[in-house]
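One structure is given below, encoded as structure tokens.
The values are calculated or read from the model by the stated rules, or taken from the named source; none is laboratory data. Values in this document were obtained by computation on a predicted structure and should not be read as measured data. No Cβ is skipped: glycine too gets one built from the backbone with ideal geometry, and neighbour counts run over all protein chains shown. Keep in mind that these areas ignore ligands, DNA and RNA; they rest on the heavy atoms of the full protein, side chains included. Shrake-Rupley method; radii C 1.70, N 1.55, O 1.52, S 1.80 Å.
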Amino acid sequence: MAFDSNKAGDSSPKYSSSVCNKGTLIQASTFTRCEKDKDWNSFNRLNYQESNHGSLPRVTDPKENGEEGNDATASVCDTMCFTDLPAALVSEILARLDPKGLGIVSCVSTVLQALATDHQGWKKFYCERWGLPNVPIGPLVPGGTPDGRSWKALFVDREFQSRSFMGRFSVDVLRGHSEDVRTVFLLASANLIFTGGHDSVVRMWDMEEGLLIDESRPFGCTIRAIAADSRLLITGGSKAFIQCWRAVEGISHLFHISGNGTNQNSEFRLWGHEGPVTCLALDPVRIYSGSWDMTVRVWDRAQMNCVQKFMHADWVMALAPHGNTVASTAGRDAYVWDIGSGELTTIISNAHAGNAYSVARTHLTDVLFTGGEDGAIRLFDVSNISDNENIKPAATWVPHTGPVHSLAFEYPWLVSASSDCRISLIDVRKILTPPYSSKRRLRVKTIDPSAIEPPQRMLHGFGCHLFSVDIGADRIVCGGEDGMVRVWNFSEALEIEKRAQASKSLRQENRMRRRKAQVEMNANGRRADQCSVAMKRNQLKGDKSITWQIKCPINEKVKS
């Protein structure tokens, strides 16, 4: 792998350098006597500054020392290592690489492996794709990860898991609700699944075992929205309040939603909406809620009070926060609001031919995925758009014949659930242009709408309308009108694929071994075909021109 200094600094060829294949030495072209004095003065000033960091020694002018200057310069440059550069410059060079480039650099030497593994570019790559991981209860080391692993290890694990959704799966069915399941939420970091519906009860399930852990008391209203992280669980329903539970220290499943034998301060309610609460979301500092009262409210998690209210022209059906903005859908339109100023930054009129029921956002760039009553899923780029522009979708998929009630996104998969009893999985990696370094953001490609690929996978066979879907780690969770919660488990998909590839390789190796043996037999003058084998088994008696002896017994009539 070669680093080109011309891209990051001076474009003059006399300062060019490259990394040698053997080791990590940098070969620098030596200066000749005909070069100007100002070049040597500037080079010496650079060396003087770098020598303060303990990196490069000062190089003398060959005009002062004659031929010894050239020899000294060549000797210094030949022994100059990449790691001898200042730490800030090394970090800047590594920041220009993509994940693949950082992985290649880490294989060059042990020193570069330590530098590339601990580089903060891995954190940026991870957060751009999946956001910050859920923080457990208790203090977190600044700049560290929740489980103490490196950001590179977290990135590699998540990238590995994302490949499993094209493999084989098993389906677990969670039974417990007596009526429609209207909302599901997957908290993969804690191995928990939360569900709610028309029976007005919130249930908490173990993701690995598929067992019911706890259930709330009946709230007397339809549960339409659930959101959670490792510190707070919130639900909303048709009675216009938001039910909240704080995490309890010392228990593995985080929350006591039944309320039996727990501190009463761990459970509370937020009031403010004047209609049913249809959608909820959380980030580390805020709570977001949308309602049929045509408002989206932003709540401060520290004070538990409403700090912003955004008015719409119709019922709010879905919302999705991202950074300092929150996107929402109401009627046929989609909106993007600035939380700090409280202003509407973008409006997408007539996003669908019918109501827009669902919305999802990515951590990569400012794009919206919307699902509507027309069965379509659309991608809108809202990164650099003014209020007066007529926003057109950058991509459109029509995988469903019924309304798209729910969308969920985890890089690179967009998952949708519809009333046509099917779930679609769409890979968006070909649409979002990846950055060449950790200092650049992803953007939406300009592609022909006719070149949009259909969903990579469809899950079907439910026989009922589907209302909610979520994705996390290597699971997909869905709920519908039959009252059952289905969990698609892809955790063994990659292991099954590995075993299949190993079996295929073994069969190919055996085939090549047999072919090699046949070639050797032919080279030695022996026939390896089936006729030669049969001739050895059925030896002829007497002249070879006569027929073969029949070994099977012959009755007396045939003999006569």
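Listed by position, the strands (runs of 3 or more DSSP E) contained in the stretch 287-345 that have at least 2 residues being open to solvent by 50 Å² or more (accessible area, probe 1.4 Å) are 305-311. Would you be able to say whether some residue in the stretch 463-482 is out of contact with any helix residue (DSSP H, G or I) (no Cβ under 9 Å at 6 or more places or on another chain), within 19 Å of PHE169 (Cβ to Cβ) and part of a loop (DSSP other than H, G, I, E, B)? Within the stretch 463-482, one or more residues are out of contact with any helix residue (DSSP H, G or I) (no Cβ under 9 Å at 6 or more places or on another chain), within 19 Å of PHE169 (Cβ to Cβ) and part of a loop (DSSP other than H, G, I, E, B). Annotation note: Cβ proximity below 9 Å between a residue of the stretch 335-349 that is more than 12 Å from LEU368 (Cα to Cα) and aliphatic (A, V, I, L, M) and a residue that is assigned to a loop (DSSP other than H, G, I, E, B) and modelled with pLDDT under 95 (sequence gap 6+ or interchain) occurs for ILE339/GLY323; ILE339/ASN324; LEU344/ASP387. SER328 falls short on exactly one of the conditions (1) modelled with pLDDT of 95 or more; (2) more than 26 Å from ASP374 (Cα to Cα); (3) not aliphatic (A, V, I, L, M), and that condition is (2). The single condition among (1) part of a strand (DSSP E or B); (2) open to solvent by 30 Å² or more (accessible area, probe 1.4 Å); (3) at pLDDT below 95 that ILE385 does not satisfy is (1). How many residues does the stretch 346-358 hold that are surrounded by 24 or more Cβ atoms within 10 Å (Cβ to Cβ) and of a type in the set (A, V, I, L, M, F, W, C)? Qualifying residue count, the stretch 346-358: 3.
Here the condition is being at pLDDT 75 or above, touching a Ser or Thr at 6+ places or on another chain (Cβ under 6 Å) and more than 30 Å from GLY210 (Cβ to Cβ); of VAL105, VAL111, it holds for VAL111 alone.
Only one entry in VAL296, VAL285, VAL316 is within 29 Å of the chain's Cα centre (by Cα) and touching a residue at least 40 places away in the same chain (Cβ under 8 Å), namely VAL296.
Which of the numbered conditions does GLY479 fail, given that it passes all the others? Conditions: (1) over 20 Å from the mean Cα position of the chain (by Cα); (2) open to solvent by 40 Å² or more (accessible area, probe 1.4 Å); (3) on the phi < 0 side of the Ramachandran plot. Only one criterion is unmet by GLY479, namely (2). Under 20 Å from the mean Cα position of the chain (by Cα) and touching a residue at least 40 places away in the same chain (Cβ under 8 Å): does that describe SER150? Taking the combined requirement at face value, the residue does not satisfy it.
Consider the stretch 422-435 and keep the residues that are under 21 Å from LEU186 (Cβ atoms) and either open to solvent by 10 Å² or more (accessible area, probe 1.4 Å) or of a type outside the set (A, V, I, L, M, F, W, C) (or both). The one that is farthest from the chain's Cα centre (by Cα) is ARG422.
Selection of strands (runs of 3 or more DSSP E) fully inside the stretch 154-266 by the criterion of at least 1 residues being surrounded by fewer than 19 Cβ atoms within 10 Å (Cβ to Cβ), hydroxyl-bearing (Ser, Thr, Tyr) and at pLDDT below 95 returns 170-175. Residues that are open to solvent by 10 Å² or more (accessible area, probe 1.4 Å) and hydroxyl-bearing (Ser, Thr, Tyr) occur at least once in the stretch 409-421. Taking the stretch 366-379 as the range and being part of a loop (DSSP other than H, G, I, E, B) and open to solvent by 10 Å² or more (accessible area, probe 1.4 Å) as the test, the residues that pass are ASP366, GLU373, ASP374. PRO284 falls short on exactly one of the conditions (1) more than 23 Å from GLN303 (Cβ to Cβ); (2) in contact with a Lys or Arg (Cβ under 8 Å, 6 or more places away or on another chain); (3) in a loop (DSSP other than H, G, I, E, B), and that condition is (1).
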